[in-house]
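Following: one structure in structure tokens, then a few remarks.
Derivation of every value follows stated rules applied to the coordinates shown; laboratory data play no part. What you see is a predicted model; the values in this text were computed from it and never measured. Here the Cβ positions follow ideal geometry from the backbone for every residue, glycine too, while neighbour counts run over all protein chains shown.
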Amino acid sequence: MSKNVLVAYASKAGATAGIAEAIGDELRAHGHLVDVLDVAQVNDLTPYDAVVLGSAIYARRWRPEAVHFLRHHTAELRDRQVWLFHSGPVGPDKDQAQTMPRAVRHAAEKIGATPAVTFAGRLTPETATGFLARHLATGTLSGDSRDWSKIRAWATDLDAALTATNRSTWHRDPRPATENYLG
């Protein structure tokens, strides 16, 4: 059974947007109707059965617009399946899971979402903003560390949870049906 899914994101330099697009593509390949939108473009969650929300994470902080989205849509998100992801780590620690910021963790608990999964990010001289990022982008941290197979596998797990779980079941237990990459 296909679901209407929103994949919303808050991206600083485009890497998180790229991950959101890949998740959307994978869910579409599994037959779901998917909109991939910047959080600033989302006003109404009524058409969606499920929401995937991603944010760039810098200095252990989500983009402010992603946190605002969670807070603003708390009531609507409680009535939907919700998964979270963040992206940003690069270099030798790129595969290390990042702790959810307190405000995000608190909002996730309110809506019944599982902890955010961490995806590696991208840091290149062309996309780096700010003095420190530009400096780091010229060294060993430079490059695109996103693991597309991990991202697609997570989206496939989302599909399994979407198709295995119907509304009457997931209202009682908001955890996804699979936990391979879902946390």
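Details
- Förster-model FRET efficiency, 25 Å R0, Glu109 and Met1, C-beta, rounded to 0.05: 0.30
- Along the axis of the charge dipole computed for the range 31-114 (Cβ charges of +1 for Lys and Arg, -1 for Asp and Glu, origin at the Cα centre), the listed residues Pro47, Val104, Ala75 are led at the positive end by Val104.
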